[in-house]
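To start, the structure itself, in structure tokens.
Laboratory data are not the source of any read-out in this text; all were calculated from the coordinates shown. As the structure is a prediction and not an experimental result, all values here were calculated from the model. For neighbour counting, all protein chains shown are included, and Cβ atoms are generated from backbone atoms with ideal geometry for every residue, glycine included.
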Amino acid sequence: MPVLHKLIGFLNTNDPEKAKAFYTGVLGFRLLTDDNFAVSFDANGTMLRIGKAQNHKPAQGTVLGWEVDDIHAAVRDLVAAGVHFEQWNLPFMQQDDSGVWVAPTGDEVAWFKDPDGNVLSISQHIH
């Protein structure tokens with residue numbers, strides 16, 4: 001049985017330059033490589049590889065998320081960096097003014113999009 005080690009995240013982009021600017025300048029990830037096929041980042045110890053596509057259409061739902069210690073502080077920091085948090089306006093999922101939803105378990109989640117429309121999230125979990 002193979003042993004799985006480190007997770008690598010994969011996304012696609014239609015505009016590698018916008019993706020580079022967002023993932024380095026806004027989210028603060030370190031650029032690892034930029035070749036003919038993809039742009040790769042060090043996302044705080046996890047490789048994030050964003051393939052260079054021509055007709056990428058984002059998937060429905062969240063494709064990547066990061067756990068944070070204080071979701072409201074993280075929202076404030078990301079908004080200051082230029083992130084816009086989504087307000088879904090769904091009757092079964094009431095979010096506060098900053099976009100944070102509290103799940104029945106007490107976990108909290110907020111969603112935002114990258115320049116290609118990929119839905120990303122931050123979350124704070126009750127352990």
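Among the residues of region 1-22, those that are touching a residue at least 60 places away in the same chain (Cβ under 8 Å) and either under 11 Å from Lys52 (Cα atoms) or among the aromatic types (Phe, Trp, Tyr) (or both) comprise Leu11, Asn12, Thr13, Asn14, Asp15, Ala19, Phe22.
The set of residues in region 101-124 being among the small types (Gly, Ala, Ser) and in contact with a helix residue (DSSP H, G or I) (Cβ under 9 Å, 6 or more places away or on another chain) consists of Ala110, Ser123. Only one of the listed residues (Phe10, Phe41, Phe22) is over 20 Å from Ala110 (Cα atoms) and buried (at least 17 other Cβ atoms within 10 Å of the Cβ). That residue is Phe41. Within region 68-127, the set of residues being without any contact (Cβ under 8 Å) to a residue 40 or more places away in the chain, touching a Phe, Trp or Tyr at 6+ places or on another chain (Cβ under 8 Å) and of a type in the set (Ser, Thr, Tyr) comprises Ser98 only. Of the candidates Asn44, Asn36, the single residue that is within 21 Å of Leu7 (Cβ to Cβ), assigned to a loop (DSSP other than H, G, I, E, B) and polar (S, T, N, Q) is Asn44.
Residue by residue, here is whether (1) part of a loop (DSSP other than H, G, I, E, B); (2) in contact with a helix residue (DSSP H, G or I) (Cβ under 6 Å, 6 or more places away or on another chain) holds:
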residue	(1), (2)
Ser40	no, no
Ile50	no, yes
His56	yes, no
Gln60	yes, no
Val63	no, no
His72	no, no
Gln87	yes, no
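Has region 30-38 got any residue that is touching a residue at least 12 places away in the same chain (Cβ under 8 Å), surrounded by 15 or more Cβ atoms within 10 Å (Cβ to Cβ) and under 16 Å from the mean Cα position of the chain (by Cα)? The answer is no, given that none of the residues of region 30-38 is touching a residue at least 12 places away in the same chain (Cβ under 8 Å), surrounded by 15 or more Cβ atoms within 10 Å (Cβ to Cβ) and under 16 Å from the mean Cα position of the chain (by Cα). The set of residues from region 95-114 being of a type in the set (S, T, N, Q) and assigned to a loop (DSSP other than H, G, I, E, B) comprises Ser98, Thr105.
Counting only residues that are touching a Lys or Arg at 6+ places or on another chain (Cβ under 9 Å) and either of a type in the set (Val, Ile, Thr) or farther than 16 Å from Gly9 by Cβ (or both), region 46-69 holds 2 of them.
With respect to the conditions (1) in a loop (DSSP other than H, G, I, E, B); (2) of a type in the set (Val, Ile, Thr); (3) surrounded by 15 or more Cβ atoms within 10 Å (Cβ to Cβ), Val3 lacks only one, and its number is (3). Would region 90-112 turn up any residue that is among the hydroxyl-bearing types (Ser, Thr, Tyr), surrounded by 13 or more Cβ atoms within 10 Å (Cβ to Cβ) and under 15 Å from the mean Cα position of the chain (by Cα)? Checked against the condition, which is being among the hydroxyl-bearing types (Ser, Thr, Tyr), surrounded by 13 or more Cβ atoms within 10 Å (Cβ to Cβ) and under 15 Å from the mean Cα position of the chain (by Cα), region 90-112 yields no hits at all.
Kindly check whether there is at least one residue in region 16-28 that is closer than 15 Å to Asp114 by Cβ and assigned to a strand (DSSP E or B). There is no residue in region 16-28 that is closer than 15 Å to Asp114 by Cβ and assigned to a strand (DSSP E or B).
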